[in-house]
Amino acid sequence: MSKYQTRKLVNYFNLVASLVVTALGLFMLAWILSVLFSKGFQYINWAVFTQMTPPPGSAGGLLNAIFGTLVITFFAVLIGTPIGIMAGTYLSEFGANSRFSSTVRFINDVLLSAPSIVVGVFVYTLIVEPQGHFSGWAGAIALAILVIPVVVRTTEDMLKLVPQQLREAAAALGAPRYTVTLSIVYKAALSGMITGILLATARIMGETAPLLFTALNNQFWSSNMNEPIANMPVVIYQYALSPYEDWQNLAWAAALLITLSVLTMNIVARYTLKGSSSR
Amino acid sequence: MTTLESAHTQVAKKSKNSGALGDSIFKGTAFFFAAMVLVVLFGIMLLLLKEAWPTFAHFGFGFFYHSEWDVVNNQYGALVPIVGTLVTSLIAILIGVPVSFGIAIFITLMAPNWMKRPVGIAIELLAAVPSIIYGMWGLFYFAPWFANSMQPIMTSTLGNVPLIGQFFQGPPIGVSIFTAGVVLAIMIIPFIASIMRDMFEVVPTALKESAFAMGSTTWEVVWKVILPYTKAGVIGGIMLGLGRALGETMAVAFVVGNSLELNTGLFYPGATIASTMANEFNEASGLHMSSLIALALILFIITFVVLSIAKWFLLRLEKVQEGSKT
């Protein structure tokens, strides 16, 4: 075989391999989603949204878990977002090139990918252990720690996209620095910042590991954040690995619901971002 | 930025109602929260170290290389979970990197324009699927399929190869170190692939076209022009994927089998640091709890180092690119 033919063959082989692995990646997504739909969809009914998680062997729903996840996620975003936005603002607007900012940026990027279970253990030793009991607040704080790096990163990136002339124009009119940031820069970067918050919400909604040691679970209705509180991920974990068929079925229904919410939020976030950048 | 700063100070000096107070309050608040990011990191390290201290004091350095993890007799050694974590992540990288590379090549060089975005988004959505969903799918669908169809083939072929043959042995139950590695690979592919794609897309067109004009095949352009040009970024992306794989918890806890025995066969059930914590933490107390927190600290430090290396590579690339622009 001539050298030319060998080169062509190698090229052909590698390109076909690229095509195959891409198809494989797409197939995996399709496989996972089809499993979720075929197993989960049949168990989604009215009871899932109106009844509490049942004792083994009887029918029930996920009302308390859905409520718990919404509440914990809400408070986590409520705590994490302002911290993240202010920190991102500092990195972009005040200390862009200082050594302090580079350190914060570096550490933030490490925290962005840090194992979430370690955050769970951290909050356990910080809050659960001294208090002596698991609580919804501990869960919300653990998730807030996961929200912060995402929001810091997107806020900084989005603020940096705002043209410098806009800031200078506002400053030339005599606006103080904080007015420039709050009413000019934030306004220009708003949709990007909202995208960041959406992505952070999507990330924490399905997080299980940090909640295992903090919010734990609660079989009954509870809206008290000072007590263990039911939530979807931990319900999925416990029910999927249980020997009871009713529980496993509920776990599949919960898995479908949580995945759909997370994926929808992701797609909406991307759409928002695309809409704002093309403008 | 500095011109803006000085303009502001000048304005502030001249006018009485300048909002200087508001400015310093705003800047101070922003600084406080930025500093909080650092506080969180050091808080995690210090608190974990404090809680893990009884274990290090009790077992000394032996904690790292002893393989028995015996809750009944209160003997703890971290070898099995540490090895499990490293081996599952290594498998994930070995499978995930070539696949991600192929996906990045497909999206940047092969796909028609209308396909690039949808395929890219679909691959990235793999990263959005919650970890626990991978766990359920892995345990109830992937593991049985793997045990029935892939594992016998691998054992009868690779299992007979000298030296590496011993790794491809184990019972056909599906939950194993190897299965965990494969599931991890699927989970980290979107991260590595999207970084590689972003890197490949910034390669100057002139560079690629010159190579094509010299008669290079597409593969030669990828291997000899694009890859060398984006080396640092690609390594950074791989390290980022590795960092993700090391700390992944729920998916692994479902499919790894949770056995704290040391086996050479990759098809035996095993454990990782994160899966051990997920399984035992809520029933632990005393020295057991302290040992689990010690495991968490070890995991945190390993991932911190890996992610720092990743960040270092990616930062270096940013600087090179900024340099070439000016």
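Here's the yes/no breakdown for (1) surrounded by fewer than 18 Cβ atoms within 10 Å (Cβ to Cβ); (2) more than 28 Å from residue B:189 (Cα to Cα); (3) touching a Leu at 6+ places or on another chain (Cβ under 9 Å):
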residue	(1), (2), (3)
A:12	yes, no, no
A:28	no, no, yes
A:35	no, no, no
A:45	yes, yes, no
A:57	yes, yes, no
A:61	no, yes, yes
A:66	no, yes, yes
A:79	no, yes, yes
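I need a count of the residues in segment B:129-163 that are of a type in the set (Gly, Ala, Ser) and in contact (Cβ under 8 Å) with a residue 12 or more places away in the chain.
Total satisfying the criteria: 5.
Can residue B:307 be described as crowded, with 19+ Cβ neighbours inside 10 Å, over 19 Å from residue B:94 (Cβ atoms) and within 15 Å of the chain's Cα centre (by Cα)?
yes
Would you be able to tell me the number of residues in segment A:134-159 that are away from every other protein chain (no Cβ under 11 Å) and not in a helix (DSSP H, G or I)?
Qualifying residue count for the region: 1.
Between a first residue in segment A:14-32 that is within 7 Å of chain B (Cβ to nearest Cβ) and a second residue that is surrounded by fewer than 21 Cβ atoms within 10 Å (Cβ to Cβ) and of a type in the set (Ser, Thr, Tyr), which pairs have beta carbons less than 8 Å apart while being 6 or more apart in sequence or on different chains?
Partner pairs satisfying both residue conditions: A:15/B:218.
So which of A:120, A:192 ends up being under 16 Å from residue A:233 (Cβ atoms), in contact (Cβ under 8 Å) with a residue 60 or more places away in the chain and part of a helix (DSSP H, G or I)?
After ruling out the rest, the residue left standing is A:120.
On the basis of being crowded, with 23+ Cβ neighbours inside 10 Å, modelled with pLDDT under 95 and more than 9 Å from chain A (Cβ to nearest Cβ), does residue B:75 make the cut?
no
From the list B:88, B:55, which one is crowded, with 18+ Cβ neighbours inside 10 Å and under 26 Å from the mean Cα position of the chain (by Cα)?
After ruling out the rest, the residue left standing is B:88.
Within segment A:79-126, which residues are polar (S, T, N, Q) and more than 30 Å from residue A:212 (Cβ to Cβ)?
A:89, A:92, A:97, A:98, A:101, A:102, A:103
May I ask you to verify whether residue A:40 is within 19 Å of residue A:258 (Cβ to Cβ) and touching a Pro at 6+ places or on another chain (Cβ under 6 Å)?
no
Among A:79, A:72, A:85, which is the only one that is within 10 Å of chain B (Cβ to nearest Cβ) and assigned to a helix (DSSP H, G or I)?
Answer to the check: A:85.
Within the group B:178, B:142, which residue is touching a Ser or Thr at 6+ places or on another chain (Cβ under 8 Å), within 26 Å of residue A:30 (Cβ to Cβ), of a type in the set (Phe, Trp, Tyr) and outside any loop (DSSP other than H, G, I, E, B)?
B:142
Filtering segment B:78-128 down to residues that are outside any helix (DSSP H, G or I) and without any contact (Cβ under 8 Å) to a residue 40 or more places away in the chain, which residue is farthest from the other protein chains (Cβ to nearest Cβ)?
That would be B:112.
Can residue A:59 be described as at pLDDT 90 or above and either on the phi < 0 side of the Ramachandran plot or at the interface with another protein chain (Cβ under 8 Å from one of its Cβ atoms) (or both)?
Criteria not met by residue A:59.
Looking at segment B:212-243, which of its residues are more than 24 Å from residue B:313 (Cβ to Cβ) and without any contact (Cβ under 8 Å) to a residue 24 or more places away in the chain?
Matches in segment B:212-243: B:212, B:213, B:214, B:215, B:216, B:217, B:219, B:220.
Which one of the conditions (1) in a helix (DSSP H, G or I); (2) touching a Gly at 6+ places or on another chain (Cβ under 7 Å) does residue A:214 fail to meet, given that it meets all the rest?
For residue A:214, the exception is condition (1).
Which of the residues that make up segment A:160-174 are surrounded by 16 or more Cβ atoms within 10 Å (Cβ to Cβ), within 11 Å of another protein chain (Cβ to nearest Cβ) and aliphatic (A, V, I, L, M)?
A:170, A:171
Each row is one residue, and each column tells you yes or no for (1) under 24 Å from residue B:107 (Cα atoms); (2) touching a helix residue (DSSP H, G or I) at 6+ places or on another chain (Cβ under 9 Å); (3) part of a helix (DSSP H, G or I); (4) at pLDDT 95 or above.
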{"position": "B:200", "(1), (2), (3), (4)": "yes, yes, yes, no"}
{"position": "B:228", "(1), (2), (3), (4)": "yes, no, yes, no"}
{"position": "B:268", "(1), (2), (3), (4)": "no, yes, no, no"}
{"position": "B:280", "(1), (2), (3), (4)": "no, yes, yes, no"}
{"position": "B:297", "(1), (2), (3), (4)": "no, yes, yes, yes"}
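Just to verify a result, which residue in segment B:37-51, among those that are β-branched (Val, Ile, Thr) and buried (at least 16 other Cβ atoms within 10 Å of the Cβ), is farthest from residue A:152 (Cα to Cα)?
For segment B:37-51, the residue satisfying everything is B:44.
Within segment B:303-317, can one find any residue that is free of Cβ contacts under 8 Å to residues at least 40 places away in the same chain, away from every other protein chain (no Cβ under 13 Å) and assigned to a helix (DSSP H, G or I)?
For segment B:303-317, residues free of Cβ contacts under 8 Å to residues at least 40 places away in the same chain, away from every other protein chain (no Cβ under 13 Å) and assigned to a helix (DSSP H, G or I): absent.
Modelled with pLDDT under 95 and away from chain B (no Cβ under 14 Å), is that true of residue A:220?
yes
Aliphatic (A, V, I, L, M) and under 13 Å from residue A:148 (Cβ atoms), is that true of residue A:91?
In short, yes.
Could you check residue A:267 against (1) in contact (Cβ under 8 Å) with a residue 24 or more places away in the chain; (2) not in a loop (DSSP other than H, G, I, E, B) and say which number it fails?
So residue A:267 meets the others, but not (1).
Given (1) more than 18 Å from the chain's Cα centre (by Cα); (2) within 11 Å of chain B (Cβ to nearest Cβ); (3) surrounded by fewer than 22 Cβ atoms within 10 Å (Cβ to Cβ), where does residue A:266 come up short, assuming only one miss?
(1)
Is at least one residue of segment A:230-246 in a loop (DSSP other than H, G, I, E, B) and at the interface with chain B (Cβ under 10 Å from one of its Cβ atoms)?
yes
Say we look at segment A:202-255 and pick out the residues that are free of Cβ contacts under 8 Å to residues at least 24 places away in the same chain and among the aliphatic types (A, V, I, L, M); which of these is surrounded by the most Cβ atoms within 10 Å (Cβ to Cβ)?
So the residue we want is A:251.
Regarding segment A:121-137, can at least one residue be identified that is in contact with an Asp or Glu (Cβ under 6 Å, 6 or more places away or on another chain) and among the aliphatic types (A, V, I, L, M)?
no
For the list (1) away from every other protein chain (no Cβ under 12 Å); (2) closer than 22 Å to residue B:254 by Cα, I need the number of the one condition that residue A:252 fails.
Exception for residue A:252: condition (1).
The values are calculated or read from the model by the stated rules, or taken from the named source; none is laboratory data. Note that the structure is a prediction, hence the values are computed from the model and not measured. So basically every Cβ, Gly included, is an ideal-geometry build from the backbone, and we count neighbours across all protein chains shown.
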